[in-house]
Amino acid sequence: MSNTPIGIFDSGIGGLTIVKSIQKYLPNESIIYFGDTAHLPYGDKSPELIQKYAANITYFLAQQKVKLIIVACNTASAVALEIVEKIAGGTPVLNVIDPAVQTALQHTLNYRIGVIGTKTTIQSRIYPIKIREQHPEAYVTTKATPLLVPMIEEGWANSRISNEIIQAYLSETTFETIDTLILGCTHYPLIKESIVRYFENKVNVIDSADSVAKEAQKLLTQRNMLADPQQTPVHTFYVSDLTDSFQQTTQIFLDVPVVLQQRRWIENPTTSQSE
Ligand code: DGL
């Protein structure tokens, strides 16, 4: 057993969807969350810059002696996983892409899979690459859907506006034959129901938050690292820039109130020296 916390990081507040799923599947675990609000959005930044930010955050989490690091951000999972794993040392690292790909492959019957995410995630081609590694014949259609993140943060999930934007993005003919859609972004679990309705319940909609939480449960169980069921979990939520707006946005993602704490930007000595 291990009562040390799980470290979870994201570009901002959206990664709280992962926290919510972790709390559902692993209610005894303590969490240290880091939202890089000073640098968001990651979704249209270059891989090099995201790698630098992710390296610094991993360095910080490793210093906190977390037992597992979850890269909650799809964009960071797409372009910065290698550097995160390197800096994490022996600490296990989970990303949000592999569990979602596995879940999609378990559900699809026709191997026609859609993926939506940020521009950087989609441009990385990580989803088609990972899906075809396991099923070379799969047809994978992807689309960057950048309006969805600000729309959800504005509190417009599951509204007339969001239905129209979803329709504008997903009405392309390439999505007509898919039987499975991966929601490749932290924010999209909040519009899952609308997307399921858009496809009239005929498409499996895969949510990376639940997929990674189940994977974390499996990993900690296998390694005998689950928290003591008697322990009261302690959660800490750091952000690199704290504003009222970020604080209020937490309510969109988590039902229970959380208090964000400002954590000034940390430079990993190994990355800052090499600049
Ligand atoms: N967290 C990002 C992701 O999951 C979405 C928000 C951003 O662009 O920073 O890809």
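Taking the radius of gyration and the Kirkwood hydrodynamic radius from Cα positions alone, what is the Rg/Rh ratio for region 72-213, to two decimal places? A ratio of 0.96.
Which whole number of Å³ per residue matches the convex hull of the alpha-carbon atoms in region 3-137?
Working: hull volume 14.8 nm³, N = 135.
For region 3-137, the hull spanned by Cα atoms encloses 109 Å³ per residue.
Compute the orientation-averaged projected area for region 163-275 from the convex hull of its Cα atoms and round it to one decimal in nm². All intermediate terms of the calculation are to be shown ahead of the outcome.
Details: hull surface 49.2 nm².
That works out to 12.3 nm².
At the listed q of 0.11, 0.18, 0.26 Å⁻¹, the Debye profile of region 125-209, built from one uniform point per Cα, gives log10 I(q)/I(0) equal to -0.30, -0.79, -1.50. Note on Lys218: lysines with a C-alpha under 23 Å away, same-chain residues under 8 apart excluded, are Lys20, Lys24, Lys65, Lys67, Lys86, Lys130. Three principal axis extents of region 1-77 based on alpha-carbon atoms, in descending order, are 39, 24, 18 Å. Magnitude of the charge dipole for region 1-135, about its Cα centre and with charges confined to Cβ atoms of Lys, Arg (+1) and Asp, Glu (-1), is about 180 debye. Considering only Ser171, Gln247, Val259, and ranking their Cα positions along the charge dipole of region 140-275 that arises from unit charges at the beta-carbon of Lys, Arg, Asp and Glu, the one farthest toward the positive end is Val259.
A dipole drawn for the chain from +1 and -1 charges on Cβ atoms has a positive end, and of Val140, Gly35, Ile83 the residue lying farthest that way is Ile83. Over region 145-187, the Kirkwood radius and the radius of gyration, each from Cα atoms, give a ratio Rg/Rh of 0.98. As an equivalent ellipsoid, the chain spans semi-axes of 29, 20, 19 angstrom, where each value is the square root of five times an eigenvalue of the C-alpha gyration tensor, largest first. Each helix, a run of at least 4 DSSP H residues, gives -39500 (n - 2.57); summed and divided by the residues of the chain, these come to -12500 deg cm²/dmol at 222 nm. Based on the alpha-carbon gyration tensor of region 204-257 and its eigenvalue square roots a ≥ b ≥ c, which shape applies: rounded if a/c is under 1.5, prolate if not and a/b is larger than b/c, or oblate? Oblate.
A short reminder: the numbers here are calculations on the coordinates, not readings from a lab. These numbers come from a predicted model, not from an experiment. Please note: Cβ atoms are built from the backbone with ideal geometry, for glycine as well, and neighbour counts cover all protein chains shown.
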